[in-house]
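The values are calculated or read from the model by the stated rules, or taken from the named source; none is laboratory data. Given the structure is predicted, the values throughout are model-derived calculations rather than measurements. So basically every Cβ, Gly included, is an ideal-geometry build from the backbone, and we count neighbours across all protein chains shown.
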């Protein structure tokens, strides 16, 4: 039986599969999360799942580390979700390669909706099927296996991290440069800081939402349906997007050097603070501070 570990953070294992998922759809408008499924039933295992929020314009990664048993085959799926419902999916058959790190793109591009690729192929942004996995588990690496190109910074250890927050300080920190933070209920004291750091904060239907984004970080906060989301601060020269549709008492406090975008559909929703000097009413309940309308 296969023994493996699913990670969204650092690992030092050699025999591993790194799954990368990105989309050209609007996030969080069309898709807001991805659920990965690792199906090992073909080799006597089970089906394991991991879900994380999507980050606009950036891939999210999952590392699957081999810890014993057969090397494959595994069926890997990426399900694109919106409000917990499946919108689209991608699937590929893969194997571990002993002593190697296998990089597998499992993307959710719009052009791939009508494309059906072979078991060892992935669909690219043009809707074309590209072979990325060899059909055997030999020592020869697959054509696109191994680390991604130098311009792609996503496979380094600690690149993506996920955490469920609840009632205490919840922070994107350490070696993580992309964080998916989820609040199931109480969402107090959530923090994201540091230039180049990107945080996707899922506070849907949560209460007492308190978020601070500072130090040049980029934060995408989904607070739809939340109650008392009154303490959302975008500090320094950070970049913040807050979706408060369906929420009560929503307030985004934007510093003068920060860039903020707020989506509202009620009266108790405002972009505030002395720093919102360049305020734009973009229509449809969208307010922009110190930036252009989308």
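Things to note:
- Whichever residue in the range 2-28 is out of contact with any strand residue (DSSP E or B) (no Cβ under 8 Å at 6 or more places or on another chain) and modelled with pLDDT of 90 or more and, among such residues, is nearest to residue 241 (Cα to Cα): 26
- Cβ-Cβ contacts under 9 Å between residues 6 or more apart (or on different chains), taken from a first residue in the range 89-111 that is at pLDDT 85 or above to a second residue that is crowded, with 20+ Cβ neighbours inside 10 Å and in a helix (DSSP H, G or I), are listed as 90/112.
- Checked against the criteria, residue 63 counts as touching a residue at least 24 places away in the same chain (Cβ under 8 Å), buried (at least 17 other Cβ atoms within 10 Å of the Cβ) and within 16 Å of the chain's Cα centre (by Cα).
- Flag for residue 120 being surrounded by 14 or more Cβ atoms within 10 Å (Cβ to Cβ), at pLDDT 75 or above and within 22 Å of the chain's Cα centre (by Cα): no
- Residues of the range 273-288 satisfying the condition of being part of a loop (DSSP other than H, G, I, E, B) and within 17 Å of residue 238 (Cα to Cα): 273, 274, 275, 276, 277, 278
- Any hit, the range 228-244, residues being assigned to a loop (DSSP other than H, G, I, E, B) and within 26 Å of residue 61 (Cβ to Cβ): yes
- Residue count for the range 87-99, restricted to those that are surrounded by 19 or more Cβ atoms within 10 Å (Cβ to Cβ) and either outside the structural domain of residue 66 (by TED's automatic domain parsing) or farther than 15 Å from residue 21 by Cβ (or both): 3.
- Subset of the range 195-215 that is over 19 Å from residue 244 (Cα atoms) and in contact with a strand residue (DSSP E or B) (Cβ under 8 Å, 6 or more places away or on another chain) - its residue that is surrounded by the most Cβ atoms within 10 Å (Cβ to Cβ): 198
- Breaking point among (1) part of a strand (DSSP E or B); (2) crowded, with 19+ Cβ neighbours inside 10 Å, for residue 270: (2)
- Qualifying residue in the range 34-43 (condition: closer than 29 Å to residue 183 by Cβ, at pLDDT 90 or above, outside the structural domain of residue 179 (by TED's automatic domain parsing) and surrounded by fewer than 20 Cβ atoms within 10 Å (Cβ to Cβ)): yes
- Any hit, the range 70-86, residues being farther than 30 Å from residue 245 by Cβ, out of contact with any helix residue (DSSP H, G or I) (no Cβ under 8 Å at 6 or more places or on another chain), at pLDDT 85 or above and surrounded by fewer than 17 Cβ atoms within 10 Å (Cβ to Cβ): no
- Qualifying residue in the range 66-79 (condition: without any contact (Cβ under 8 Å) to a residue 24 or more places away in the chain and over 27 Å from residue 176 (Cβ atoms)): no
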